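Enquirer: This is the structure I have questions about; it appears just below.
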Number of protein chains: 2
Amino acid sequence: MASSEQIVQQYWQAAHRRDWDGFAALLDENVVYEVPQTRERIRGRDHYLDFNITYPGDWQLRVDSVIGNAQQAVSRITFFVDGTSCEGICFFTQQHGRITHILDYWPEPYDPPYRHTAHIERY
Amino acid sequence: MASSEQIVQQYWQAAHRRDWDGFAALLDENVVYEVPQTRERIRGRDHYLDFNITYPGDWQLRVDSVIGNAQQAVSRITFFVDGTSCEGICFFTQQHGRITHILDYWPEPYDPPYRHTAHIERY
């Protein structure tokens, strides 16, 4: 049985290659996908597949890190599309090798607030 | 030796209680803290302590989840201050029970883009 970290690596490889059969094989039939920042939700493997297959643009992605325990894993990816890139953070829950829940975040750059410490540098 | 997940739970408990001695004891002397969204960085335990101690407001926090492997862990927290709340996602690396690196994200709500699938609900 693949580990949670391996399942998440396979998930992103399949997406990157548009291997939708391989992608679907990693998903539980009743997978739930949620985007807390927009409060969007998709229920079910077929619906979630449709969301991914119809996602516009000639996008590519790079996996930056995957951290997992027995049942859960989180990935940081960089997503490239139309000459721009953004960072995605995605939390996965799996049972018996199938992904049952996905929580997807896309943190955007923002201007730093005033800080009460002098010890901050920018990079 | 505490696990990565336990260290992160202790870190947030200490912060929530303003137990700055306990908080400092979890940090490596050369800890590096980074906020990718603002490109801010703080180097060193004393500087990072100062940042936390001087953080304004009567803030409180709730740990929503912690996922870790041997050396790394990630937390989702809800941060409450001045009658508002926001979500934080924080990636930790530890060595020998001390935190050496922190990557801190604060994903803000945004309007959902046009989706090419019909299978999305809002919550």
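The values are calculated or read from the model by the stated rules, or taken from the named source; none is laboratory data. As the structure is a prediction and not an experimental result, all values here were calculated from the model. Glycine gets a Cβ as well: all are built from the backbone with ideal geometry, and neighbour counts include every protein chain shown. For the accessible areas, the whole protein counts, side chains as well, though only heavy atoms, and no ligand, DNA or RNA atoms are used. Shrake-Rupley method; radii C 1.70, N 1.55, O 1.52, S 1.80 Å.
Enquirer: Keeping every protein chain in place, order B:86, A:90 by accessible area at 1.4 Å, biggest value first, i.e. largest first.
Expert: The ranking, largest first, comes out as B:86, A:90.
Enquirer: Next question. Suppose a student asked you for the relative contact order of the stretch B:1-59, using Cα pairs under 8 Å spaced at least 6 residues apart; what percent would you report?
Expert: The normalised contact order for the stretch B:1-59 reaches 24 percent.
Enquirer: Follow-up. How many Å² of accessible surface get buried when B and A come together, counting both sides, probe radius 1.4 Å, rounded to the nearest 100?
Expert: Details: alone 8530 and 8520 Å², together 12430 Å².
In total, this chain pair buries about 4600 Å².
Enquirer: Continuing with this model, one more query. What size of dipole, in debye to the nearest 20, comes out for the protein assembly as shown about its Cα centre when the only charges are +1 on Lys and Arg C-beta atoms and -1 on Asp and Glu C-beta atoms?
Expert: 240
Enquirer: Just how much of residue A:47 is accessible, in Å², when a 1.4 Å probe is used and the result is rounded to the nearest 10?
Expert: Surface open to solvent at residue A:47 totals about 70 Å².
Enquirer: Using a 1.4 Å probe and ignoring any ligands, DNA or RNA, find the accessible area of residue A:84 and quote it in Å² to the nearest 10.
Expert: 80
Enquirer: Give the residue from A:106, B:94, A:37 lying farthest towards the positive end of the charge dipole for the protein assembly as shown; charges sit on Cβ (+1 for Lys and Arg, -1 for Asp and Glu) and the dipole is referred to the Cα centre.
Expert: The residue sitting farthest along the positive end of the dipole is B:94.
Enquirer: Per 5 Å bin, what is the whole-percent P(r) computed from every C-alpha pair distance within the protein assembly as shown?
Expert: Final binned percentages: 1, 6, 12, 17, 19, 16, 12, 9, 6, 2, 0.
Enquirer: Separate question: At a cut-off of 40 Å², which residues of the stretch A:104-118 become less accessible once all protein chains are present than in their chain alone, using a 1.4 Å probe?
Expert: A:105, A:107, A:110, A:115, A:116, A:117
Enquirer: Still on this structure: Let me have the 222 nm mean residue ellipticity of the protein assembly as shown computed from DSSP H runs of 4+ only, each contributing -39500 (n - 2.57), with the sum over all residues rounded to the nearest 500.
Expert: -6500 deg cm²/dmol
Enquirer: A further question follows. Would you rank A:106, A:59 by solvent-accessible area, highest first, keeping every protein chain in place and using a 1.4 Å probe? Show your work: numbers first, answer last.
Expert: On the way: A:106 50, A:59 15 Å².
Largest accessible area first, the residues go A:106, A:59.
Enquirer: Return the whole-Å distance between the Cα centroid of the stretch B:55-71 and the Cα centroid of the stretch B:99-123.
Expert: Here the answer is 19 Å between Cα centres.
Enquirer: Which order do you get for A:80, B:91 if you rank them by accessible area with a 1.4 Å probe, largest at the top?
Expert: Result of the area sort, largest leading: A:80, B:91.
Enquirer: Please say if the stretch B:8-81 is rounded, prolate or oblate, where rounded means a/c under 1.5 for a ≥ b ≥ c the square roots of the C-alpha gyration tensor eigenvalues, and otherwise the choice is prolate for a/b larger than b/c and oblate otherwise? If you can, show how the numbers build up before the last one.
Expert: Details: a/c = 1.21, a/b = 1.03, b/c = 1.18.
Verdict is rounded for the stretch B:8-81.
Enquirer: At 1.4 Å probe size, with every protein chain present, just tell me what the per residue accessible area of the stretch B:39-123 comes to in Å².
Expert: Roughly 52 Å² per residue, with all protein chains present.
Enquirer: Take the alpha-carbon centre of the stretch B:81-98, take the same for the stretch A:1-16, and report the distance between them in whole Å.
Expert: 26
Enquirer: How big is the dipole moment of the stretch B:36-105 about its Cα centre under a simple scheme where the beta carbon of each Lys and Arg is +1, that of each Asp and Glu is -1, and everything else is neutral? Debye, nearest 20, please.
Expert: Value, rounded to 20: 320 debye.
Enquirer: Further, regarding this structure: Note down the relative contact order for the stretch B:72-123 as a percent, whole number, built from C-alpha pairs under 8 angstrom at least six residues apart.
Expert: Value for the stretch B:72-123: 26 percent.
Enquirer: Return the percentage of antiparallel bridges among DSSP beta bridges fully within chain A, rounded to the nearest 5 %. It would help to have the intermediate numbers written out before the result.
Expert: Details: 29 of 33 bridges.
The answer is about 90 percent antiparallel.
Enquirer: Here is a follow-up. Could you give the angle, 0 to 90 degrees to the nearest 10, between helix A:4-16's Cα long axis and the longest principal axis of the Cα atoms of chain A?
Expert: Result, in degrees: 90.
Enquirer: In chain A, carbon and sulfur make up what percent of the accessible area (probe 1.4 Å)?
Expert: About 46 percent, which is the carbon plus sulfur part of the accessible surface.
Enquirer: Over the stretch A:1-115, what is the relative contact order in whole percent, taking alpha-carbon pairs under 8 Å and six or more residues apart?
Expert: The value is 27 percent.
Enquirer: For a quick check, take a GNM of chain B with Cα springs below 10 Å and name the residue from B:97, B:83, B:44 with the largest mean-square fluctuation.
Expert: B:83
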